[in-house]
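This report refers to the structure that appears directly beneath it.
A short reminder: the numbers here are calculations on the coordinates, not readings from a lab. These figures come from a predicted structure and were not determined experimentally. Note that we place each Cβ from the backbone using ideal geometry, even for glycine, and neighbour counts take in every protein chain shown.
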């Protein structure tokens with residue numbers, strides 16, 4: 001039987017000798033998209049919302065990204081129809 005390894009926090013050998021590289025979570029294209037949304041909101045006088053044209057664009061791209069095989073379509077449809085409830089215990093309401 002192998003001895004139990006000691007975690008680095010308890011004095012064992014760290015898994016990494018150098019830190020993980022930084023992740024670029026937001027790039028120029030995301031920055032430009034946010035500025036576009038804010039500019040449109042200022043120009044129209046309406047608050048931006050997480051629905052309508054941006055939601056349609058996002059869901060369309062999500063379905064395409066997932067291959068449009070029906071599964072992604074169903075997930076998006078269920079979410080938009082309110083059949084997916086993010087609150088436990090009922091995640092999917094049939």
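Compute the length gained on full extension between residue 60 and residue 4: take 0.36 nm times their separation in residues and subtract their Cα-Cα distance, giving the result in nm to one decimal.
Residue separation times 0.36 nm, minus the Cα-Cα distance, leaves 15.3 nm.
Going by average Cβ density within 10 Å per residue, which order do the peptides 35-47, 53-65, 11-23 take, highest to lowest? Don't jump to the answer; show the numbers that get you there.
Details: 35-47: 10.0, 53-65: 12.6, 11-23: 7.1.
Highest to lowest by the protection proxy: 53-65, 35-47, 11-23.
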